[in-house]
């Protein structure tokens with residue numbers, strides 16, 4: 001094997017090990033409280049339209065923890081109340097960030113018009129949310145829970161005023177999200193993206209792996 005081929009092989013191995021180290025060095029950012037109509041529930045294998053219904057609950061669940069391989073576009077990243085479409089502030093989470101995703105879902109029985117409010121609190125900061133159909137459909141593969149069919153109905157979203165009465169608010173310390181959802185014929189969903197919690201010693205582990213990769217590259221050049 002040539003020195004160039006060996007260097008490339010070591011670089012690929014270093015990338016794989018770095019991703020593994022990032023995941024291993026992060027603890028789960030947990031939901032520490034829900035209230036109002038918001039509840040935690042284990043989803044069925046299919047949560048598309050008319051498959052997971054309730055007139056009294058906004059059901060939420062953990063989706064996954066992952067290292068972003070590409071930049072992630074979010075529909076809104078600012079704190080404060082969002083009660084109009086014009087108040088959305090999009091943003092980007094950079095590639096390489098370890099994130100966790102959670103989905104809250106509301107789908108009424110027999111298209112009953114429901115209006116529910118609730119909240120969820122985390123022990124790690126909320127980076128932002130996805131609320132539009134295209135952005136949620138487009139992130140199911142990287143943020144969705146494996147084995148769950150989400151569906152791609154055009155009504156899979158939050159519809160903010162003036163179109164409807166859906167609203168949400170990210171607290172100033174980014175640990176709590178309050179939401180009010182009005183739903184009937186369509187179902188409402190919001191995907192919440194949080195940071196992961198670094199384990200003690202994780203930076204030292206990543207530094208060690210970086211030094212190991214550097215040493216291998218130097219040895220390959222000799």
Using a cut-off of under 11 Å, list every residue of the range 38-60 whose amide N is near the label point 7 Å from the Cα of residue 112 along the Cα-to-beta-carbon line. 54-57
Modelled label-to-label distance, residue 56 and residue 83, 7 Å Cα→beta-carbon offset: nm? 2.8
Net lengthening on full extension, residue 46/residue 134 (0.36 nm per residue, minus Cα-Cα): 29.8 nm
Give me the distance in nm between label points sitting 7 Å out from Cα along the Cα-to-Cβ direction at residue 152 and residue 94, one decimal. 3.2
Computed from every Cα-Cα pair in the range 28-198, P(r) in 5 Å bins starting at 0 and rounded to whole percents is 2, 9, 19, 24, 23, 16, 6, 1, 0
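Coordinate-derived values only; no laboratory data. Computed from a predicted structure; not experimentally measured. Glycine gets a Cβ as well: all are built from the backbone with ideal geometry, and neighbour counts include every protein chain shown.
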